[in-house]
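The values are calculated or read from the model by the stated rules, or taken from the named source; none is laboratory data. This structure is a prediction, so every number in the text was calculated from the model and none was measured. Cβ placement follows ideal geometry from the backbone for every residue including glycine, while neighbour counts extend to all protein chains displayed. Heads up: the accessible areas ignore ligands, DNA and RNA and are worked out on the full protein's heavy atoms, side chains in. Shrake-Rupley method; radii C 1.70, N 1.55, O 1.52, S 1.80 Å.
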Amino acid sequence: MTPRPAAPPPLTVVQSLVNTRELLENRDDLTTAAGLVAWAEAQGLPCPARPAQADLTRMSQVREALRQLLHGGEGAPAAAAVLNGELARTGTRPLLRAEPPGAEFVGDAATSLDAAITRVLATVVTARLDGSLSRLKICGAEDCLWAYYDRSPNAVSRWCETSVCGARHKMRAYRARRAAAASN
């Protein structure tokens, strides 16, 4: 798949985490310790040298909660609760500074995974506050659910790639209309 250009920093870290699971290719980078380490290193995030299965499960839960939060709908409140639980677990909180940038989010970071999750969720909170998170979306194709950054002027894109997911959706709708017309 050739998705749209990546989200602008710092949202790239959130987008890349959500996209560690690729439904169309049946790929999940967070099922192995090497996959989690590779993702964290690529994002410049701390990570345990040998993540345990509990670390993989935790990061997968954060990822899926982020996907649901970005997708919205009925599952968004439960996703927010999971992410708020992680914020509490990592002790993530804002810290004001006298010098630029003026504020940042810090966490208690009992583990390197806590520190990585703190950085991801601090990005989510900041982007939610400045409104940029609303442009990070989940593809409307239920068999895709890829995270993409909506750069359209009115932020109304529905698919990660109109020529792929959008075209499939439109073809299915066309076939359904034809089938309904043929049965009448």
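Of note:
- For the stretch 107-123, a residue qualifies if it is open to solvent by less than 10 Å² (accessible area, probe 1.4 Å) and in contact (Cβ under 8 Å) with a residue 60 or more places away in the chain, and the qualifying residues are L113, A116, V120.
- Note on the stretch 1-39: residues that are assigned to a loop (DSSP other than H, G, I, E, B) and either touching a residue at least 12 places away in the same chain (Cβ under 8 Å) or open to solvent by less than 60 Å² (accessible area, probe 1.4 Å) (or both) amount to 16.
- Exactly one residue out of A42, A49 is open to solvent by 50 Å² or more (accessible area, probe 1.4 Å), farther than 14 Å from A147 by Cβ and either without any contact (Cβ under 8 Å) to a residue 24 or more places away in the chain or among the aromatic types (F, W, Y) (or both): that is A49.
- Condition check for R97: touching an Asp or Glu at 6+ places or on another chain (Cβ under 8 Å) and without any contact (Cβ under 8 Å) to a residue 24 or more places away in the chain: yes
- Those strands (runs of 3 or more DSSP E) of the stretch 68-182 in which at least 2 residues are of a type in the set (F, W, Y), considering only elements entirely within it, cover 147-149.
- Selection within the stretch 91-116 - under 18 Å from L129 (Cβ atoms) and either of a type in the set (K, R) or modelled with pLDDT of 95 or more (or both): R93, R97
- Just one of the listed residues (S112, S157) is under 25 Å from A40 (Cα atoms) and out of contact with any Phe, Trp or Tyr (no Cβ under 6 Å at 6 or more places or on another chain), and it is S112.
- Some residue of the stretch 129-141 being surrounded by 12 or more Cβ atoms within 10 Å (Cβ to Cβ), hydrophobic (A, V, I, L, M, F, W, C) and without any contact (Cβ under 8 Å) to a residue 24 or more places away in the chain: no
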